[in-house]
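Everything on this sheet refers to the single structure shown next.
The values are calculated or read from the model by the stated rules, or taken from the named source; none is laboratory data. Everything numeric here is computed off the predicted structure, so don't read it as measured data. Glycine also receives a Cβ, built like all others from the backbone with ideal geometry; neighbour counts cover every protein chain displayed. We work out accessible area using only protein heavy atoms, side chains counted, and drop any ligands, DNA or RNA first. Shrake-Rupley method; radii C 1.70, N 1.55, O 1.52, S 1.80 Å.
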Amino acid sequence: LKTTPPPPPTKTCASACRAAEAAPAKTNAEAVASPAAATTIVPTWFPATHVGSLPRIKNETVADVVARQVAAGVDVVNDGEYGRDNYISELLSRIEGLGGDVSCVKDSCCDLPIATDMVDVPAYASRFTGSNGLITLNPKRPARGGAACVAMPKYKGGGDLGLDALKEAAAAHGKAPGDCFYSVPSPGTIACFCEDKFFSPGGFAGGGAPFDAEAHAKYVRALADAMAPEYARVVAAGFRLHVDCPDLAMGAHTRWADLDDGAFVRDVFEPNVAALNAALAAAGADATTTRCHLCWGNYAGPHHKDISAEKIWDAFQEVSAGVLLVESANPRHSGEWAPLLAKRPLKAGKTIAPGVIDTKVPAVEHPELVARRLLDVAAKVGAWNVAAGTDCGFASTAKSAA
């Protein structure tokens, strides 16, 4: 069996590093299957990163937020999504056909997706005023959004993505653009939050008609064509493209909750992945440096309606991204990954970044727990195929509390 050369050491968690000496240093499934065949065992550090959004601190700049990440030992940093209310709204302002650029404001509004797990806990849900950033958490007070697809989506460009500020801030700490990531939504994520009133007017989400799989596929592909130029701007600047995909997991119990799991995977998940891959290809994104985040929703709910990781893992690995960031610290999904990776291994050439910090709770994890979570995954896929991540962002919108 071939061994995988270890990457240069980085600093994350000392406990994880010490214990990693016992982890196999081989390639994905083959290596884990026969640990006795390892010829070289070299201690290393798991590289650390996070998902994207960070709490906005008053008067803090991008330079400040990069400095804080570096001081905390984060290896692959970002701008904390500073300068954006959220990772969706800024992009919407550069795409015609979605919301604000249409003449009839009423037509451009839509109900925000409702988290169906919150329907089962009305007393708890009543604590929320309605929306949590981009979804409705109190079904009795449905929130409205200002964006819906009412015309063919087209990229109109313009706007400052903040790439120069991030590049300058990173350089001050000796980091190249390739040591940084910039977060963008997937085409399917836009489809999840922006109701389709053009390809399927009065359809599934708006008028009670059955879900139109063909119309949905056309919608996400059109979004992919419109969003590719934005992706290309990030790629051209040399940053790692980080694609957030709540549509691929959270979408199953929000926007497309009326579909059963099989229909969701076939008619939503797979077309959304195909559209994303088309956008990445058009943008010239390198799969080895592209990151993709699988998310069941960054909110403190019961999550008992979440689709299981087992039902979507194989399709998720078809994304043209070398780094797969997944929720695995929260109690709903923490028990899924070890048995799943043993049965359906990580594909060769990919890195998995399990969330080792649960962003939905205020408690701070003990370092030994963080280390154990990393090692549990490393035991299944090989230590060199693991990075340390977070379940989700720490501040989904600029108004979020830390």
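Would you work out what percent of the accessible area of the stretch 246-402, with all protein chains in place, is carbon or sulfur (probe 1.4 Å)? Mind showing how you got there, number by number?
On the way: 3130 of 5600 Å².
With neighbouring chains kept in place, the figure for the stretch 246-402 is 56 percent.
Residue 295's amide H: which non-local residues (gap 5+, or another chain) put their own amide H closer than 5 Å, with H modeled 1.01 Å from N in plane and none for Pro or chain starts?
Hits under the 5 Å cutoff: 245, 248, 249, 250.
Give me the 1.4 Å probe accessible area per residue for the stretch 200-305, excluding ligands and nucleic acids, in Å². Mind showing how you got there, number by number?
On the way: 3560 Å² over 106 residues.
Per residue, the stretch 200-305 has 34 Å² of solvent-accessible surface.
Based on the mean of other Cβ atoms within 10 Å per residue, sort peptides 84-94, 178-188 so the most packed one is first. The partial results should precede the final answer.
Values: 84-94: 19.0, 178-188: 23.9.
By packing density, highest mean first, the sequence is 178-188, 84-94.
Using θ = phi - 60° and the Karplus form 6.51 cos²θ - 1.76 cosθ + 1.60, what ³J(HN,Hα) does each residue of the stretch 309-324 get, whole Hz, x for Gly and Pro?
4, 4, 6, 10, 4, 4, 5, 5, 5, 7, 5, 7, 9, x, 10, 10
Determine ³J(HN,Hα), in whole Hz, for all residues of the stretch 160-165 in sequence, where each value follows from phi through the Karplus function 6.51 cos²θ - 1.76 cosθ + 1.60 and θ = phi - 60°; x replaces Gly and Pro.
My calculation for the stretch 160-165 gives 9, 6, x, 5, 5, 5 Hz in order.
What ranking do 361-373, 46-58, 331-343, 252-264 get when scored by the average of other Cβ atoms within 10 Å per residue, highest first?
Packing order, densest peptide first, comes out as 46-58, 252-264, 331-343, 361-373.
At a 10 angstrom cut-off on C-beta neighbours, averaged per residue, how do the peptides 275-281, 149-155 rank from highest to lowest?
275-281, 149-155
Quick one: which residues, 5 or more positions from residue 48 or on another chain, have an amide H under 5 Å from its amide H? H modelled 1.01 Å from N in the peptide plane, none for Pro or chain starts.
Those qualifying (amide H under 5 Å, at least 5 residues apart or on another chain) are 75, 76, 388.
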